[in-house]
Amino acid sequence: MNERRNGLKEKITNNQIWQSMFRHGYEKTGRRYTLQVLQNVWLHLHPPRVTRHAINFRFTWCMGGITFLMFLVTAVTGVLLMFYYRPTAEYAFRDIQYLEFDIPFGMLLRNMHRWAAHGMVIAVMLHMFRVFLTGSYKKPREFNWGVGVILLLVTFFLSFTGYLLPWDQLAFWAVTVGTNMARATPVLGHEGPFAPQDIVTQANDVRFALLGGTIVGPSTLLRFYILHCVAVPLLASVLMALHFWRVRKDGGISGPL
Amino acid sequence: MDPFLELVTKPDNVPIVAIVILLPFFTWLAFSQGRRNDLAGTPAEAGLNDKVYCWPYLCRNEFLCAIIIMLVLGIWSITIDAPLEEPSDPTKTPNPSKAPWYFLALQEMLVYFDPWIAGVVLPGLIIAGLIAIPYIDINPKGKGYYTLKERPFALITFCFGFFVLWIVLMVVGTFLRGPGWNFFAPWKEWDPHKVVPLTNVNLSYLFGIRNEQPAGIFGMCVVVGYFALGPIYYFLKRGTSKFLQELGLVRYIVVSFLFLTMMALPIKMILRWTLNIKYIWVSPWFNI
Ligand code: HEM
């Protein structure tokens, strides 16, 4: 049995095609374990070695990783959804209905995207809670905590911009309520304190900039679509790259020593 | 179905239910480790300080975690469908209209503060305050391990803000607010015609001040006085308190300002419930 398995392994790995992709061998040595991480673009976010407590589920709860996983799921399902969705007031709602009823696995696709997005919000809050409870924001990780706070904000904003896209009553009014607060921004919102009268109006304040109109309308849909599918994911990716890189540069996962 | 049960099991409210279950679990997990570390004297994490290879040990855990989470997500997605209501209609306002669940703490604050505070200033200060945490917390202990007794002030403040002012308000906003944003107990039916007498008065009125200008000055004194509590305490205590000397004036002012701002919310809530206070400070430009 063992011999046959080894023979099969030999067949799969000992040829030019395989070895052109994976350069490390399969011996059980530290050198190979190191190469396995260093020579793989996906794994090389990791250092070759970490302290033992850092891989303990009870320490990190794996929550940062889960947040990232949820982000990846939304990215993949989101791209698939984009094939079926047009961000205009005429089509948006009908495209979602079409997706649900006529596209094979369309409903499942939409569900996965939505629940992964909610899951990301839950996970990011728990991640922050864990980082706080282990005091991991303390020197030298102050800056990365700050990057994290911005990521928290970006996560909320990703979720919020996506909420509008089904263009149903739930979406429309949730976004109306959510963006109504912007009109009360001091100085920059037309109902806010210290807003210069006749200069800051309903048609040029921050809420207008966000909505592309005085109420949630077709241009809001387009704006939120572009923010949701292009601008904010890009920003999130850049910040996550920075975040992960800093985790390593700050000395890996925090520990007592 | 019972209307409250229906509300709790609404697809979009599942995440809140999940949080209400997950948060106590993780709090227990963290606090029990903290207690154990405190009792042992040295944190358990210090004993696990040797290095292990990421491949296979860390990657194995990550893949395992990913598989479990994908299973959960898969089951969640197969069993519960994302909601889709009627097509949007700007002329038909649902009552109540609610923001997405993660913003409901902010929407709930609107009961107690005007939109410019609840919707703009407080969120801004939450963000700024969170970013400031590492720079104002000068306690070198409790870095990289769970503990309870080595950083009581930090833990109590953060947990109070997170549990009470974020999670509880979110739950109240989602489950206990009905038409007109009125409060409904879980066993009560949502009655769109519920009449709530508007008997709220301003603080100055309670003190017998009836004219606009003195009322404004009175309100300003109360608010400024409240925020002055921080610096006053500092100048009284700085001679004797080693902690204050180490903290320094700038950090202290930031800490006390953020802390007092945070506590202003529960204070205003209690004033509203007990004395029906509407505003503390009424001015021609803004009300607080
Ligand atoms: C999109 C959101 C985020 C992602 C994908 C993410 C991802 C991660 C990952 C994978 C780690 C490695 C350790 C772990 O899993 O716990 C980590 C560590 C860390 N994160 Fe995040 N994070 C996010 C948001 C945040 C937020 C909101 C904060 C805090 C405000 C934060 C602060 C930190 C800090 C300080 C560390 C270092 C922890 C240590 O050394 O123990 N991150 N993050």
The A/B contact buries a total accessible area, at probe radius 1.4 Å and rounded to the nearest 100 Å², of 8500
Once the dipole of the protein assembly as shown is set up from charges on Cβ (+1 Lys and Arg, -1 Asp and Glu), the residue from the list B:Ala118, A:Trp145, B:Met220 lying farthest towards its positive end is A:Trp145
Using a probe radius of 1.4 Å on heavy atoms only, what accessible surface per residue do you get for region A:96-156? Whole Å² is fine.
32
With the solvent-accessible surface defined on protein heavy atoms using a 1.4 Å probe, which residues belonging to region A:176-218 display a reduction of at least 30 Å² in accessible area in the multichain context relative to the isolated chain?
A:Val177, A:Met181, A:Ala184, A:Pro186, A:Pro193, A:Phe194
Pseudo-spin-label distance B:Phe235 to A:Phe101, built 7 Å along Cα→Cβ, given in nm, is 7.2
Other residues with Cβ under 13 Å from the Cβ of B:Phe153 give, with Lys and Arg +1 and Asp and Glu -1, a net charge of +1
Cα gyration tensor of region B:197-288 - equivalent ellipsoid semi-axes, whole Å, descending
31, 14, 11
Would you mind getting me the FRET efficiency between B:Val168 and A:Lys139? Use the beta-carbon distance for r and R0 = 22 Å, nearest 0.05.
0.10
Once you put a point 7 Å from the Cα of B:Val224 and another 7 Å from the Cα of B:Val14, both along the Cβ direction, what distance in nm separates them?
5.4
Quick one: dipole size for region A:1-49, taken about the Cα centre, charges +1 on Lys/Arg Cβ and -1 on Asp/Glu Cβ, in debye to the nearest 20.
100
Along the charge dipole of region A:57-249, which of A:Leu109, A:Gly162, A:Ala236 sits closest to the positive end, that is, farthest toward it, with unit charges on the beta carbon of Lys, Arg, Asp and Glu (+1, +1, -1, -1)?
A:Ala236
Which residue, chosen from A:Phe71, B:Trp273, B:Asn182, occupies the Cα position most advanced towards the positive end of the dipole of the protein assembly as shown, where the dipole is computed from +1 (Lys, Arg) and -1 (Asp, Glu) charges on Cβ about the Cα centre?
A:Phe71
Taking the Cβ of A:His243 as the center, what net charge do the other residues with Cβ under 12 Å away carry, scoring Lys and Arg +1 and Asp and Glu -1?
+3
nm² value of the averaged projected area, convex hull over the Cα atoms of the protein assembly as shown
32.3
Please work out the C-alpha center-to-center distance from region A:69-137 to region B:188-267 and express it in whole Å.
41
Pairs A:Lys138/B:Lys51; B:Lys98/B:Lys194; A:Lys249/B:Lys149; B:Lys237/B:Lys268; B:Lys10/B:Lys194: which are spaced more than 26 Å apart, C-alpha to C-alpha?
A:Lys249/B:Lys149; B:Lys237/B:Lys268
Please work out the FRET efficiency for the pair A:Ile215 and B:Ile253, using the Cβ-Cβ distance as r and a Förster radius of 60 Å; give the result to the nearest 0.05.
0.90
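Normalising by the residue count of region A:1-49, find the relative contact order in percent from Cα pairs under 8 Å and 6+ residues apart.
Normalised by residue count, the contact order of region A:1-49 is 21 percent.
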Accessible area in the full protein assembly, largest first, 1.4 Å probe, for A:Cys229, B:Cys54:
A:Cys229, B:Cys54
Over every pair of different alpha-carbon atoms in chain B, take the mean of 1/r and invert it; report that Kirkwood radius in Å.
23.2
At R0 = 25 Å, how high is the FRET efficiency between A:Val230 and A:Ala89 if r is their beta carbon distance? Nearest 0.05 is fine.
0.80
Only Lys, Arg, Asp and Glu count, each charged at its Cβ (+1, +1, -1, -1), so figure out the dipole size of chain B about its Cα centre, rounded to 20 debye.
1160
Rounded to the nearest 500, the 222 nm mean residue ellipticity computed for chain B from DSSP H runs (n ≥ 4, each -39500 (n - 2.57)) alone is -16500 deg cm²/dmol
Considering Cα pairs under 8 angstrom that are at least six residues apart, work out the relative contact order of region A:57-249 and quote it in whole percent.
21
Shape verdict for chain A, please, from the Cα gyration tensor: rounded (a/c under 1.5), prolate (a/b greater than b/c) or oblate.
oblate
Using a 1.4 Å probe and counting only protein heavy atoms, arrange B:Lys92, A:Lys249, B:Lys98, B:Lys194 so the residue with the most accessible area comes first.
A:Lys249, B:Lys92, B:Lys194, B:Lys98
Over the heavy atoms of B:Ser204, what accessible area does a 1.4 Å probe trace out, to the nearest 10 Å²?
10
Relative contact order of chain B, pairs being alpha-carbon contacts under 8 Å that are 6 or more residues apart, as %:
22
Going by alpha carbons, how many degrees (0 to 90, nearest 10) lie between the helix axis of A:106-133 and the longest principal axis of chain A?
80
For the residue pair B:Phe25 and B:Met70, what label-to-label distance in nm results when each label sits 7 Å from Cα along the Cα-to-beta-carbon direction?
2.1
Would you work out the charge dipole size for region A:57-249 about its Cα centre, treating the Cβ of every Lys and Arg as +1 and the Cβ of every Asp and Glu as -1, and quote it to the nearest 20 debye?
1060
If we count every other residue with Cβ under 12 angstrom of A:Val216's Cβ, Lys/Arg +1 and Asp/Glu -1, where does the sum land?
+1
Leaving out ligands, DNA and RNA, and with a 1.4 Å probe, what % of the accessible surface on region A:1-49 is carbon or sulfur?
56
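The values are calculated or read from the model by the stated rules, or taken from the named source; none is laboratory data. These numbers come from a predicted model, not from an experiment. Cβ coordinates were reconstructed from backbone atoms using ideal geometry, including for glycine residues, and neighbour counts include every protein chain displayed. SASA here: full protein model, heavy atoms, side chains in, ligands and nucleic acids out. Shrake-Rupley method; radii C 1.70, N 1.55, O 1.52, S 1.80 Å.
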